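Novice: To start, I am sharing the structure in question, which I have written as structure tokens.
Every number in this text was worked out from the coordinates using simple rules, so none of it is lab data. What you see is a predicted model, and the numbers here were worked out from it, not measured in a lab. Note that each Cβ is placed from the backbone with ideal geometry, even for glycine, and that neighbours are counted across all protein chains shown.
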Amino acid sequence: MTMDSETLVDYARSLDCIHCGLCLDTCPTYQLTGRESSSPRGRIHLMRAVAEDRIEANADFAEEMDFCLVCRHCESVCPAGVEFGAMMEFTRDALATRARPGPLARLARWLGFRVVLPSRRWLRLTVTLLGLAQRTGALRIAAPLLGLRGRMLASFPRVPSRAERTPLPASTPAQGPARESAAVLEGCVMPELYGRVNRATVRSLAAAGVESRCAPDHVCCGALHAHNGDLAGARTLARGTIAAFDALVDDSGAPLPIVVNSAGCGAHMKEYGRLLADDPEWRERAAAFGARTRDFAEFLAEPERRERLTAALREAADSAPTRPTTYDDPCHLCHGQGIRSEPRALLDCIPGVELLELEDAESCCGSAGIYSLLRPQDSQDVLDSKLAALRASGAEVLVTANPGCQLQWESGIRRAAMDVEVVHLAEVVARAIDGSGD
Amino acid sequence: MDRRTLDRLASIVGEAGIVADRMRRLAYESDGLTLEREMPELVLLPRDTDETARCMRVLHEAGIPVVPRGAGTGLSGGATPVPGGVTIGTARMRDVLEVNASDRYAIVQAGVVNIAISRACAKHGLFYAPDPSSQKACTIGGNVAENAGGPHCFRYGSTTRHVLGLVIVTAEGEVLDLSHPVADPDGYDLIGLFTGSEGMFGLATEITIQLTPMPAATQTLLAIFPSLDAACESVTDIIAARLEPSAIEILDKLTIQAVEASVFAAGYPTDAEAVLLLDIEGGELEVETTVKGIEPILARHGRLELRSARDAEERERLWAGRKGAFGAMGRIAPDLYVADVVVPRTRLREIVRLATDECTKRGLKMSNVFHAGDGNLHPNISYDRRDPDEVERVLAAGRAIMQACVDVGGSLTGEHGVGLEKQEQMKLLFSPADLAAMDLARVALDPDRRMNPGKMLPLRACMETRTRPIPGGMRAEEARP
Ligand SMILES: Cc1cc2nc3c(=O)[nH]c(=O)nc-3n(C[C@H](O)[C@H](O)[C@H](O)COP(=O)(O)OP(=O)(O)OC[C@H]3O[C@@H](n4cnc5c(N)ncnc54)[C@H](O)[C@@H]3O)c2cc1C
Ligand code: SF4
Ligand code: SF4
């Protein structure tokens, strides 16, 4: 093993794979191509071969690593407990540092990861520009010039009006007597595109007797950085996130549980302990932070909160039947966090909701963070079979629990000219409470 | 491979159907038996019978050996590439072509994953019965080629009992259509002959399989035992009492511990020496009486606890644990050697003990899972292929176990096939004349012995295989279509 190959692959983790193949059929890129090198087992095999100096990490290798959606479906079915997501983050980071992409790509990366994502002001500006382009029709005109990526952008959901793009208040009181407080992650893109989801989140928490608090200056958790080969950036943002949330404490001075309504962020934040394992100063705080992070559904599905929420729902309910509804598991919720029954249990609490099964609900929709922007064609190909499943389900409302998936579904449904509304789980709950649903 | 051949192949399967660069080809160098590795010259992924046949004709003209490959979950090196050979994978032949619920058959392409068949016909109350533990990944084509078994094959029989028809592409590129939606067609049973031929008689592209009605009732029992012997003895007694569960599986302590540490944790008690997992299926009454018959037998052999799955979900979990057992061993060492011997059921205990001794004395870690009902045991030996000395010890233990099984009247393989791994041991069971007869059957279909050469039949026993490396080999750049 040379120094070089060693730094490219998380060799110890690659040895966990016993080559049984049980992960093959779950992998979206293997489904698309039937190619072993585009399967989890194949990718691990190639990583290991690189580490053992049997092959060179050439452009073909980098391409197969890039093609992966890091959906982590393979992890959910791997009996040997291979930590594929962690391995892929490692390799991508090493490839990004080593390979010198063209100056334009480098600039775009730097702008995206280091400038825009971590800054509220830049995010706002970017989204405002996008909204402007949508409203003036500039996007429609420019789209064809940008090829497929342009078409993706053109089917992007409408940017909400400025009034809707306001941050959450520092505190949202519980409805009735407050039983407890929780810190809520607002997220980077979330307040700009899905402020309504954030509002629905605190509304639902309030109904369950939970006061919501926000970390006012916090922006980005760094999940996108970690998944896309910028571990250094991810670590910096993780430290910032921990510091911001450690400052939110209850009356006894204990840090608050952190509620996350974005599956990708939640999965990443729960793993801060691993991300900062080599940082003696932050290691323990990071692990403790991860342990208090909860997904929205996970938090509310815990018995006591669920009881309180159910009571509130019963009071509010005009239990009129809703339109046929289905739930699609975000990858980083079901595979990343093992959360499957909780969102369904929450939907179950809502009078009138009848849940239809969505075939292969646990398979990736192709959103995969910024994958849909980086590889628009592959992303759409992955979504195609999901759209077919949605059509077959007969649902008119699709519930998800992750902003990336929500975006991807909304664009895909629009392109396919289907009539299905996409909502976040929190929106379903909040609508049921306030009766503003259908 | 010469440029012209390559271009012709590429024009048949298109860019998406060809894997030519060195890096990607490397991913195909082995199946589940990672000890045996070889770089394929080229990998082709045709989409249907026609493309396959056209490729095979080109390869026939060029005299290039062919290795069929399904999902590469085989455990005997059946899909390991051969030097200078082309691997033809069925991973892009994944369509369920027809499900006929009233005549209870389905026609599927060879690359359809075993479990996908059951999924496709579930709404008709039917399923595909053979259930190898790899069923979520392995293909029906691979199942036919290996005559795969599975836990429930105790009741339903292995793959060969469920294949009604085949479309085969021969080594010369001829399409042999043996599709019949009815069992037992006239003439020689070519389908029976093909099933278990390990890719040496041709490449199956379409398969007509029989579907089985789901049983009205199923009960899953998990009995926990203080010793492996006690678990084995109860199996012998259950069968002697003419009770017929549909699946009878035993897992030993090490396996239980590995499974419980995995995502497939099934709730097996980790301090038990062995668990016995039983499925009893049939009509309500039949299930009830069988369970009543089994319970006292388990008690007599000192079972510590007996659990009965309360619902489908728990049943699923108990079985998922069993089926994840191979992979779960990845927690113990990077590689696993799975022996696949069969012995008369009454000799199970004796062989388990012997296998344990053979491993202990060589300092190897062994765990046991077995299809106890069929007398098919899988002593699983954990190892690390980077340690040549350990590899040697594993192979020696494997040989000793196979020899012992043959000695008590058993056989080398219950379901995983001979492949590369057990080739030499074929001589323990068969005389040179037997082997020559087998070779005759093969040359009837593949006169040049170009299909999966160098597998199954021991090399020196009957003939020289005609694989020859392709002169000059192929460089990655040249190979790019
Ligand atoms: C975790 C695990 C559990 C397993 N459990 C079982 C079990 O319970 N029972 C059991 O029987 N086996 C089991 N196996 C072994 C393996 O899954 C079976 O042998 C399976 O049938 C192989 O299918 P495959 O598609 O992976 O074929 P491959 O491994 O790709 O190929 C197997 C053989 O079939 C040939 N072949 C493949 N496709 C075709 C085709 N279309 N036409 C002609 N020849 C073809 C190949 O040349 C090769 O010789 C297990 C393996 C693993 C990894
Ligand atoms: S399921 Fe796990 S052990 Fe098996 S091949 Fe895939 S990654 Fe490797
Ligand atoms: S993370 Fe998803 S896309 Fe990547 S190898 Fe695993 S299953 Fe395939």
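Novice: Could you state the number of Å between the C-alpha centres of region B:102-169 and region B:381-448?
Specialist: 25
Novice: Something else about it: In debye, nearest 20, what is the charge dipole magnitude of the protein assembly as shown about its Cα centre with +1 on Lys and Arg Cβ and -1 on Asp and Glu Cβ, if you could check?
Specialist: Charge dipole, the protein assembly as shown, about its Cα centre: 2460 debye, nearest 20.
Novice: A follow-up question, please. Using Cα pairs closer than 8 Å and at least 6 residues apart in sequence, work out the relative contact order for chain B, in percent.
Specialist: 17 percent.
Novice: Could you tell me the distance between the Cα centroids of region B:18-58 and region A:384-432, to the nearest Å?
Specialist: 39
Novice: If you don't mind, another one. Report, as an integer, the average count of C-beta atoms from other chains found within 10 Å of each Cβ along B:90-96.
Specialist: That average works out to 3.
Novice: Local charge sum around B:Leu178 (other residues, Cβ-Cβ under 12 Å, Lys/Arg +1, Asp/Glu -1)?
Specialist: Result for the neighbourhood of B:Leu178: -4.
Novice: Now for a separate question. When A:Arg308, A:Arg294 are ordered from fewest to most other Cβ atoms inside 10 Å of their Cβ, what list results?
Specialist: With the fewest neighbours first, A:Arg308, A:Arg294 line up as A:Arg308, A:Arg294.
Novice: Using +1 on the beta carbon of Lys and Arg, -1 on that of Asp and Glu, and nothing else charged, what's the dipole of region A:315-433 about the Cα centre, debye to 20?
Specialist: The calculation lands at about 300 debye.
Novice: Hey, got the average number of other protein chain Cβ atoms within 10 angstrom for residues in B:65-72?
Specialist: 2
Novice: Considering the convex hull of the alpha carbon atoms of region B:154-214, report its projected area averaged over all viewing directions, in nm², one decimal.
Specialist: For the Cα atoms of region B:154-214, the hull's average projected area reads 4.7 nm².
Novice: Next up: Which shape class applies to region A:163-300: rounded if a/c is under 1.5, otherwise prolate when a/b exceeds b/c and oblate if not, where a ≥ b ≥ c are the square roots of the Cα gyration tensor eigenvalues?
Specialist: It comes out oblate by the Cα gyration axes.
Novice: Just from the alpha-carbon atoms, what are the Rg and Dmax of the protein assembly as shown in angstroms?
Specialist: 29.0, 89
Novice: Sorted from largest to smallest, which semi-axis lengths in Å does the alpha carbon gyration tensor of region B:348-411 give for its equivalent ellipsoid, taking the root of 5 times each eigenvalue?
Specialist: After diagonalising the Cα gyration tensor, the semi-axes are 21, 12, 10 Å.
Novice: How are the Cα pair distances of region A:354-420 distributed, in percent, across 5 Å bins from 0?
Specialist: In whole percents, the pair-distance histogram is 4, 18, 32, 28, 14, 4, 1, 0.
Novice: Of all DSSP beta bridges located in chain A, what percent are antiparallel, nearest 5?
Specialist: If we restrict to bridges inside chain A, about 15 percent are antiparallel.
Novice: Using the number of other C-beta atoms within 10 angstrom as an exposure proxy, rank B:Lys365, B:Lys292 with the fewest first.
Specialist: Placing the least packed residue first, the sequence is B:Lys292, B:Lys365.
Novice: Continuing with the same structure: When only Cα pairs under 8 Å and 6 or more residues apart are kept, what is the percent relative contact order across chain A?
Specialist: Computed over chain A, the figure is 15 percent.
Novice: Kirkwood-based Rg over Rh for region A:315-433 (C-alpha set), two decimals?
Specialist: Dividing the radius of gyration by the Kirkwood radius yields 0.97.
Novice: Express as a percent, rounded to the nearest 5, the fraction of DSSP beta bridges in the protein assembly as shown (both residues included) that run antiparallel.
Specialist: 70
Novice: Going by Cα centres, region A:133-211 and region B:326-350 are how many Å apart?
Specialist: 54
Novice: Over all Cα pairs of chain B, how is the pair count split among 20 Å bins, expressed in % and running from 0 up to the last occupied bin?
Specialist: Percent of pairs per bin, in order: 24, 56, 20, 1.
Novice: Could you list, in their original order, any pairs among B:Lys361/B:Lys422; A:Lys270/B:Lys323; A:Lys386/B:Lys123; B:Lys123/B:Lys292 whose Cα atoms are separated by more than 26 Å?
Specialist: Checking Cα-Cα distances, A:Lys270/B:Lys323; B:Lys123/B:Lys292 exceed 26 Å.
Novice: So, one more: Length gain on complete extension for the stretch A:Arg158 to A:Glu281, per 0.36 nm per residue less the alpha carbon to alpha carbon distance?
Specialist: 39.9 nm
Novice: Also, I was wondering about something else. For B:Thr208, B:Thr80, A:Thr7, what ranking results if the residue with the fewest other Cβ atoms within 10 Å of its Cβ goes first?
Specialist: A:Thr7, B:Thr208, B:Thr80
Novice: Further, regarding this structure: Going toward the positive end of the dipole of region B:3-89, with +1 on Lys and Arg Cβ and -1 on Asp and Glu Cβ, which of B:Leu26, B:Gly85, B:Ser11 do you reach last?
Specialist: B:Ser11
Novice: Hey, another quick one. Summing -39500 (n - 2.57) over the DSSP H runs of n ≥ 4 in the protein assembly as shown and dividing by its residue number, what mean residue ellipticity at 222 nm do you reach, to the nearest 500 deg cm²/dmol?
Specialist: Helix-only estimate at 222 nm: -12500 deg cm²/dmol.
Novice: Can you give the percent of C-alpha pairs in region B:96-213 whose distance is more than 18 Å?
Specialist: Distances greater than 18 Å cover 45 percent of the Cα pairs.
Novice: Take the residue pairs B:Lys365/B:Lys427; B:Lys136/B:Lys253; B:Lys253/B:Lys365 and return only those whose Cα atoms are more than 22 Å apart.
Specialist: Exceeds cut-off: B:Lys365/B:Lys427; B:Lys136/B:Lys253.
Novice: Count charges around A:Leu125 for me, please; just the other residues with Cβ under 14 Å from its Cβ, Lys/Arg as +1, Asp/Glu as -1.
Specialist: My count for the surroundings of A:Leu125 gives +4.
Novice: Could you please report the charge total around B:Arg349, scoring K, R as +1 and D, E as -1 over all other residues with beta-carbon less than 14 angstrom from its beta-carbon?
Specialist: Cβ neighbours under 14 Å give a net charge of -4.
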